[in-house]
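The values are calculated or read from the model by the stated rules, or taken from the named source; none is laboratory data. It should be emphasised that the depicted structure is a prediction, and the values quoted were computed from it without experimental measurement. Please note: Cβ atoms are built from the backbone with ideal geometry, for glycine as well, and neighbour counts cover all protein chains shown.
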Amino acid sequence: MEDPNFWRTVKNLQTRQNIVLSDEDVRHMKRIVAGRNTDDQYDDYQPWIEWFTSEVEKMPIRNITDQKRSLLPSKSEKLKIHGLVHALKMGWIKTRAKVEKQAALNKGPKFYMVWDTDQGRNASHS
């Protein structure tokens, strides 16, 4: 209470001195805490400058051909593909065509024999 500038005094850790902030420094700090730009003249809502347009260019920006290694599968991809091919050959995984064919067979009505033969029940009653 004895020092009126106590609330705006900051200690510099490198020089070990107390620095009294000016009114402009305090205004900058308040704008930073509020999440705004420190410059009063800066317009946050100025028109947007389009650096990249949505139009497709006739000539590419980079005319570098892809490297061969980017087109070849990596070792981990090669192992995954090998595992999938092995599972297909062993029948652990079914192709989409086989799954659709099995679904079509299961979709239709299911008929089964209640008795041993069609005449078995009628023949025993006659």
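Some values worked out for this structure:
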| quantity | calculated |
| --- | --- |
| Answer from 60, 47 - the residue that is over 30 Å from residue 9 (Cβ atoms) and at pLDDT 85 or above | 47 |
| Enumeration of residues in the stretch 7-31 that are touching a helix residue (DSSP H, G or I) at 6+ places or on another chain (Cβ under 7 Å) and part of a strand (DSSP E or B) | 20 |
| Subset of the stretch 82-96 (residues that are basic (Lys, Arg) and surrounded by 11 or more Cβ atoms within 10 Å (Cβ to Cβ)) | 94 |
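Residue-wise test of (1) small (Gly, Ala, Ser); (2) within 31 Å of the chain's Cα centre (by Cα); (3) surrounded by 11 or more Cβ atoms within 10 Å (Cβ to Cβ).
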residue	(1), (2), (3)
6	no, no, no
64	no, yes, no
80	no, yes, yes
98	no, no, yes
102	no, no, yes
114	no, no, no
